[in-house]
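The numbers here are math on the coordinates, done by the rules we state, and not lab data. Everything quoted here is computed from the prediction, not taken from an experiment. With ideal geometry, Cβ positions are generated from the backbone for all residues, glycine too; neighbour counts draw on all protein chains shown.
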Amino acid sequence: MLRDHRLFLFLLICLLGQILAWRLWLRWAGPRRPARAAVHLLFVLFNLGWFFSAGSLYFGHNLSDRLWAWVARPSIAWQAAYILAILPLGLLGSLGLGLGRFFRRGRAGAGDRPADQGRRDFIKISGLGVSTAILGACAWGVVRQGRPPGLERLELAVPGLPPALDGFKIMHLTDIHLGLWAGRKELDQALERAAAEKPHLAALTGDLVDRNPDFAKLYREPLKRLAGTPCGVWGVLGNHDHYTGPRRIAELLDGHGLNLLVDRQVNFPDLPLSLIGLDDQGRHQSWLGRGAPSVRGQEEDPDVLDFSLVRGPAPRPGDFTVLLNHRPEGFRQAAGHGCRLYLAGHTHGGQYQVPWDRQLNLAAAFYKYSSGLYREHGAWLNVSRGLASVGIPFRLWAWPQISLITLRVAPERGA
């Protein structure tokens with residue numbers, strides 16, 4: 001029952017959060033009419049986005065390809081800021097004031113009132129300052145999310161790499177989420193940036209489409225930018241593709257420049273290179289995987305990858321094998337299967353991280369491998385932050401990215 005009504009519960013939480021936040025802001029505004037009128041106007045404007053969002057989804061429009069995206073994005077960011085940060089801080093502040101009054105009851109004399117008033121003024125000013133800082137960070141996150149993705153250059157010195165692959169460049173893109181907060185503009189920017197690097201192979205690791213499978217049509221023209229990629233453009237589906245309609249997405253992309261690997265393996269005839277693509281399990285898989293939780297600090301990642309489903313030729317002796325999978329789980333298992341490079345996404349780099357350490361992010365509470373490049377078990381894993389945000393249309397310091405991975409022959413020891 002809870003699952004059937006999760007959207008209603010989410011909207012109810014948002015509504016209650018807005019009411020409580022509105023009351024808190026009115027309290028901070030005091031009795032001054034201009035300040036109270038400004039609070040009323042602010043809350044009306046920032047709740048208009050719900051109507052634009054609902055209308056665009058009902059009529060099947062892409063939220064990012066219309067003018068109302070710049071109404072919807074700040075509106076949803078506003079809701080998120082209140083529900084996740086400002087409202088809890090406001091409630092804690094009110095609770096602290098209430099407890100302070102309770103313990104001071106009967107002890108406060110006339111001489112204590114100025115100090116008590118000064119304390120209340122300090123708490124009020126501090127609360128407004130924190131709220132302003134949080135809203136400013138959210139506003140910056142909304143603006144920054146709409147800018148072109150950054151390019152992360154990674155050079156891997158691989159022991160035993162076949163000389164024919166020395167200097168081989170792989171462009172890694174993931175989590176485009178076309179149809180929610182990313183549109184044709186964002187896709188064009190990303191693929192133009194990717195094509196400018198002239199990679200030998202491009203890999204898309206899932207969550208290509210959101211909300212409506214027909215948005216997959218928007219890939220057709222932008223994919224032409226990568227038409228000259230020597231080894232082609234390859235991809236796998238993610239959990240949001242399965243929520244949206246995997247068969248329809250695959251049908252719309254077929255023959256338009258993206259080769260989907262649905263539990264399939266290919267060997268390149270002129271290169272010692274093999275590519276494996278695992279399909280995501282969608283609703284049948286969560287961050288818990290099929291075994292133990294994949295949490296930060298766990299000694300071993302769970303065995304969640306099912307290579308028995310893979311069709312196609314076996315890897316040739318001496319081939320460099322690359323695995324495409326939406327989620328970054330099963331790293332040890334992939335290395336044991338002979339995969340030397342594992343490309344994944346799904347985590348969005350936590351979407352929020354501290355600026356000085358990408359590993360300190362929200363996803364790190366659930367995933368052992370949450371963001372960036374890892375080397376373990378004799379293999380490499382790249383977990384890209386991806387292009388779009390999901391749910392809440394902004395990021396903080398976990399900015400959108402694409403990755404260019406260059407393979408190099410590792411020098412022999414003692415050479």
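For ASP303, the residues whose amide H sits under 5 Å from its own are ALA292, ignoring neighbours fewer than 5 places away on the same chain, with H placed 1.01 Å from N. Quick one: Karplus J couplings for region 352-363, per residue in order, coefficients 6.51, -1.76, 1.60, θ = phi - 60°, nearest Hz, x for Gly and Pro? Karplus values, whole Hz, x for Gly and Pro: 9, 9, 6, x, 9, 8, 5, 6, 8, 9, 5, 5. The modelled label-to-label distance for the pair ALA35/LEU9, using points 7 Å beyond Cα in the direction of Cβ, is 3.8 nm. Note on LEU151 and GLU251: the model spin-label points, each 7 Å out from Cα along the C-beta direction, lie 3.8 nm apart. The HN-Hα couplings worked out from phi for region 212-228 by the Karplus form 6.51 cos²θ - 1.76 cosθ + 1.60 (θ = phi - 60°) are 9, x, 5, 5, 4, 4, 5, 6, 4, 5, x, 5, 5, 5, 9, 4, x Hz, whole numbers, x standing for Gly and Pro. Taking all Cα pairs closer than 8 Å and separated by 6 or more residues, the relative contact order of region 151-409 comes to 25 percent. Remark: the ASN47-ARG184 segment gains 46.7 nm on full extension, using 0.36 nm per residue and subtracting the alpha carbon distance.
How about LYS368: which lysines have a C-alpha closer than 29 Å to its C-alpha, ignoring those fewer than 8 places off in the same chain? Leaving aside lysines fewer than 8 places away in the same chain, those within reach of LYS368 are LYS169.
Hydrodynamic radius of region 151-409 by the Kirkwood approach over all distinct alpha-carbon pairs: 18.1 Å. Placing R0 at 35 angstrom, the Cβ-Cβ distance between LYS198 and VAL262 gives a FRET efficiency of 0.80 after rounding to 0.05.
Around the amide H of LEU178, modelled in the peptide plane, lie the amide H atoms of VAL209, ASP210, all under 5 Å away and 5 or more residues distant in sequence or on another chain.
Beta bridges assigned by DSSP with both partners in region 151-409 are antiparallel in approximately 30 percent of cases.
Rounded to the nearest 0.05, what FRET efficiency is calculated for GLU221 and ARG375 with R0 set to 41 Å and r the Cβ-Cβ distance? With R0 = 41 Å, the Cβ-Cβ based efficiency is 0.65.
For region 332-408, applying the loop criterion from DSSP together with a ceiling of 15 other beta carbons within 10 Å to the chymotrypsin sites (Phe, Trp or Tyr not before Pro) yields TRP356. Note on LYS185: lysines with a C-alpha under 18 Å away, same-chain residues under 8 apart excluded, are LYS217, LYS224.
Sorting the segments 258-265, 318-325 by their mean number of nearby beta carbons within 10 angstrom, highest to lowest, gives 318-325, 258-265.
Database remark: amide H of TRP234 closer than 5 angstrom to the amide H of ALA202, ALA203, LEU204, ASN259 (H placed geometrically; neighbours at sequence offset of 5 or more, or on other chains; Pro and chain starts carry no H).
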